[in-house]
């Protein structure tokens, strides 16, 4: 399993593992969507959204690290779900400089076919970590439910 | 995640208080103080919440102790149930981690003139109608839409803005914490993205632990105070739990992003990034304070508009105007907030920034900020339990100002993680179990119901017993659930 739920009393923790940093960001996105929709397999690839994240946003402090980029990526997806009312199921991430370019395929939320599970309020910094391991990369993130 | 070692350093002060001594870690500026009885401490085990109490004790300018209420459990940044007051005159900071993403998440209680018997044959219809009419769940928008200029006014003025629109009356304003408007809000500091997220979510419940619950008063513990609150045995009430929706989450997110690197600039070392903060008297601190207040006012309005929709449903089901059903606001209280308040510290009156993260303001009788109607008895404190057992109405207690910066618990507190609750629900039908206990539960997600099952929470009676004995807030009335809608 590239990602799993980790116990957290109030909210939900995710532990994600992948061979590369790009794959880690893609798996983290899958994990996030699996929290939002009960059956991610019910989401069809009907449209594709493109995302571009500069690592140093206008209000950013010092150079963003991989954890900040993971945070910003997941947060961007949350906002897309809420404002565009879409569910996303397939992700392609390419690191670019200290930021990323990505595309995500999915479709608009259809209450008749999609059983929604959680409104994820936010990604948190509590315990947020991205680290290189012997086999690749690992991330820990707690999301606010 | 690292489990806490601090439970071994806990010192029992009396039967409801436990100290984490400053000496437990070399970065704590003050002691930690946890309100709990023996069983609640034992149940906490090595939960990282105690580390979070200690983390908060490192914040610059913290006064008294880093406090935790008996519904304490692991959160992010502060623990849930955490209270901390900082002094701007002593380099005190403000931290979005002490408020949370759901700025001014809170509860509001409506009373009715109906008693349980009046619901005979109509309860199921009422709950189904609430589910159909009041937006709950992921990504739901509501019937109210506010243009940018209206949203800015709503965030500046709070519930009085809705009164001008005929969506609230004088009692709705008077019976809110801070009159439904925290002054000196800075809506102009709220980002365009937050405004976009908030445009059509005001008046929606959301998901997670948010709910609208129909309840009946099944025990009156203090008849005089209950009468002052307009509550009596057998009376039907409605409890609403929600916050500032996507707008508040975005305000918090924007603030944390803006604060990246800021603590280091002020020489502040933090044990948890989620505690990112800035001195209250800095430009960054003031910017967060202003935008947080704006989101808090949005949350008061959100609960007001949910209440309006609840009133419309009652009107339809009972075929009478809501005023004739007595569907009036008892009180609306915030439990995720930071506010500037006057408190005595070592005999000196100080203006402090009180962070309440999953904790409720609990001002006692006579306090100037308690509405006129309740000033003789104290501020109502609503403590939702779980959807199978009970919730409580308490009143601000005699010791709250001296012991907890005028604060009390905000709920039962979770006992099981969501993952553990899902596991425990496997092969069971939580909705049917609740029905067997006389509670009609409707949710837009079955998983939501499983995660929020009664066993996922501590026993609210026990939590309330601690704050009652500690004098933080005292028992007034117990409310038993009859029906609930959830996201």
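Taken together, the values in this text are just the output of simple stated rules run on the coordinates, not laboratory data. What you are looking at is a predicted structure, and each value in this text was computed from that prediction instead of being measured. As a convention, Cβ positions derive from the backbone with ideal geometry for all residues, glycine included, and neighbour counts pool all protein chains shown.
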Worksheet item: How would you order B:377-388, B:72-83 from highest to lowest mean count of nearby Cβ atoms within 10 Å?
Response: B:72-83, B:377-388
Worksheet, complete the sentence: Expressed as a whole-number percentage, the relative contact order of chain B with C-alpha contacts under 8 angstrom and at least six residues apart is 21
Worksheet item: For A:20, B:112, A:124, A:9, what's the fewest-to-most ordering of other Cβ within 10 Å of each Cβ?
Response: A:20, B:112, A:9, A:124
Item to complete: Answer rounded, prolate or oblate for the protein assembly as shown, using the Cα gyration tensor with square roots of eigenvalues a ≥ b ≥ c: rounded when a/c is under 1.5, else prolate when a/b is larger than b/c, else oblate.
Response: rounded
Worksheet item: Based on the alpha-carbon gyration tensor of segment A:3-144 and its eigenvalue square roots a ≥ b ≥ c, which shape applies: rounded if a/c is under 1.5, prolate if not and a/b is larger than b/c, or oblate?
Response: prolate
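For Cα pairs less than 8 Å apart in space and 6+ apart in sequence, what is the mean separation divided by the residue count of segment B:69-219, i.e. the relative contact order in percent? Write out the running numbers ahead of the final one.
On the way: 114 pairs, mean separation 35.0, N = 151.
Value for segment B:69-219: 23 percent.
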Discussion item. Tell me the mean residue ellipticity at 222 nm calculated for chain B from its helices only (DSSP H runs of n ≥ 4, each -39500 (n - 2.57), averaged over every residue, nearest 500).
Written reply: -9000 deg cm²/dmol
Discussion item. Compute the helix-to-body angle for B:283-318: its Cα long axis versus the longest principal axis of chain B, expressed 0 to 90° and rounded to tens.
Written reply: 20
Response to the item:
From the Cα centre of segment B:196-211 to that of segment B:228-252, the distance in Å is 13
Response to the item:
Cα-only Rg/Rh for segment B:329-388 with Kirkwood Rh rounds to 1.02
Worksheet item: Taking a ≥ b ≥ c as the square roots of the eigenvalues of the Cα gyration tensor of segment B:44-125, is the shape rounded (a/c under 1.5), prolate (a/b larger than b/c) or oblate?
Response: prolate
Worksheet item: Once both axes come from the Cα atoms, what is the angle between helix B:460-470 and the longest principal axis of chain B, in degrees from 0 to 90, rounded to 10?
Response: 50
Worksheet, complete the sentence: Note to self: C-alpha centroids of segment A:130-145 and segment B:265-297 sit apart, in Å, by 27
Worksheet entry | Cα long-axis angle, helix B:123-133 against chain B (0 to 90 degrees, to the nearest 10) | 60
Discussion item. Within a 10 angstrom radius of the beta carbon, how do A:121, B:423, B:357, B:339 rank from fewest other beta carbons to most?
Written reply: B:423, B:339, A:121, B:357
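Express as a percent, rounded to the nearest 5, the fraction of DSSP beta bridges in the protein assembly as shown (both residues included) that run antiparallel.
95
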Fill in: For chain A: relative contact order, % (alpha-carbon pairs under 8 angstrom, 6 or more apart)
34
Worksheet item: Using the alpha-carbon centroid of each, what span in Å lies between segment B:423-459 and segment B:52-128?
Response: 23
